[in-house]
Amino acid sequence: MKDFKSVLTEANAFLKKYGFKKHKSTFFIKKDNNWGLINFQKGNIEGEIKFTINLGVVSGALRDFIQGEKLSDIPDITDCHWSKRIGQLLPEGKEYWWQIDNSENFGVLVSEINAVLQSIAVVEIHQNITDEMLLQQWIKGSSPGITEYQRLEFLAILLKFLDDDRFK
């Protein structure tokens with residue numbers, strides 16, 4: 001019987017090739033002091049087991065300054081300073097949940113998930129994992145997954161922390 005754990009096992013095998021490690025239902029990679037997260041969120045919708053994928057980036061500098069956490073502790077998807085749902089990045093641009101059923105279609109599901117991980121999730125994480133990429137988005141007014149207030153707060157803190165001339 002294929003279930004959510006089976007999906008995570010398959011994703012783990014696939015994402016290892018890209019340097020991601022698994023912690024519960026989240027896969028993470030570190031670059032410098034920052035974290036990139038690919039989180040599988042399980043839901044029981046209308047009696048069916050479904051899941052979606054959340055992407056996130058955590059700035060180590062912001063995390064240390066604001067939250068004072070040990071940077072070795074793996075952050076949660078809710079700690080992210082940048083985040084998107086995978087559905088936002090799919091061609092339809094809307095919320096998307098995959099359904100797990102007990103049919104012989106599990107291989108098709110795994111292939112579809114791996115394609116999305118490779119062509120969208122891993123690419124998005126790598127494009128947004130640096131503090132400079134976060135700064136560029138926040139300076140332009142973009143703030144995926146955070147409020148406008150948080151965008152301005154994080155922008156000011158990171159510019160100051162990095163001793164960036166744009167802070168002035």
query: Restricting to the stretch 124-141, what's the tally of residues that are surrounded by 12 or more Cβ atoms within 10 Å (Cβ to Cβ) and over 11 Å from the mean Cα position of the chain (by Cα)?
result: 9
- prompt: Which of the residues that make up the stretch 38-72 are part of a helix (DSSP H, G or I) and surrounded by 15 or more Cβ atoms within 10 Å (Cβ to Cβ)?
  reply: GLY60, ALA61, LEU62, ARG63, ILE66
statement: Residue pairs within 7 Å by beta carbon, gap of at least six or interchain, first lying in the stretch 91-120 and outside any helix (DSSP H, G or I), second among the small types (Gly, Ala, Ser), listed first then second, are LYS94/GLY87; GLU95/GLY87; TYR96/GLY87; TRP97/GLY43
- prompt: Restricting attention to the stretch 142-168, and to residues there that are basic (Lys, Arg) and over 18 Å from the mean Cα position of the chain (by Cα), which single residue is farthest from LEU37 (Cα to Cα)?
  reply: LYS168
statement: Of the residues in the stretch 110-123, those that are of a type in the set (Val, Ile, Thr) and open to solvent by 40 Å² or more (accessible area, probe 1.4 Å) come to VAL123
query: Residue check, GLY93 against (1) open to solvent by less than 70 Å² (accessible area, probe 1.4 Å); (2) on the phi < 0 side of the Ramachandran plot, all met but one. Which one?
result: (2)
Enumeration of residues in the stretch 86-95 that are out of contact with any strand residue (DSSP E or B) (no Cβ under 6 Å at 6 or more places or on another chain) and not polar (S, T, N, Q): GLY87, LEU89, LEU90, PRO91, GLU92, GLY93, LYS94, GLU95
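For every residue, the table says whether it meets (1) within 21 Å of GLY145 (Cα to Cα); (2) touching a Phe, Trp or Tyr at 6+ places or on another chain (Cβ under 7 Å).
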| site | (1), (2) |
| --- | --- |
| GLU10 | no, no |
| LYS42 | yes, yes |
| ASP64 | yes, no |
| PRO75 | yes, yes |
| LYS84 | yes, no |
| ILE100 | no, yes |
task: Quick one: in the stretch 15-37, of everything that is within 23 Å of TRP82 (Cβ to Cβ) and in a helix (DSSP H, G or I), which residue is least open to solvent (accessible area, probe 1.4 Å)?
output: LEU15
message: Return the residues of the stretch 75-87 that are buried (at least 17 other Cβ atoms within 10 Å of the Cβ) and not small (Gly, Ala, Ser); say none if nothing qualifies.
response: PRO75, ILE77, ASP79, CYS80, HIS81, TRP82, LYS84, ARG85, ILE86
message: Criterion first (at pLDDT below 95 and hydrophobic (A, V, I, L, M, F, W, C)) does LEU117 satisfy it?
response: no
query: Mind checking which residues of the stretch 132-149 are more than 21 Å from LEU89 (Cα to Cα) and in contact (Cβ under 8 Å) with a residue 60 or more places away in the chain?
result: none
Conditions (1) out of contact with any Leu (no Cβ under 9 Å at 6 or more places or on another chain); (2) assigned to a helix (DSSP H, G or I); number of the one not met by LEU135: (1)
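The values are calculated or read from the model by the stated rules, or taken from the named source; none is laboratory data. This structure is a prediction, so every number in the text was calculated from the model and none was measured. Don't worry about glycine lacking a Cβ; one is built from the backbone with ideal geometry, like all the others, and counts go over all protein chains shown. To get the accessible areas, we keep the full protein, side chains included, count just its heavy atoms, and leave off ligands, DNA and RNA. Shrake-Rupley method; radii C 1.70, N 1.55, O 1.52, S 1.80 Å.
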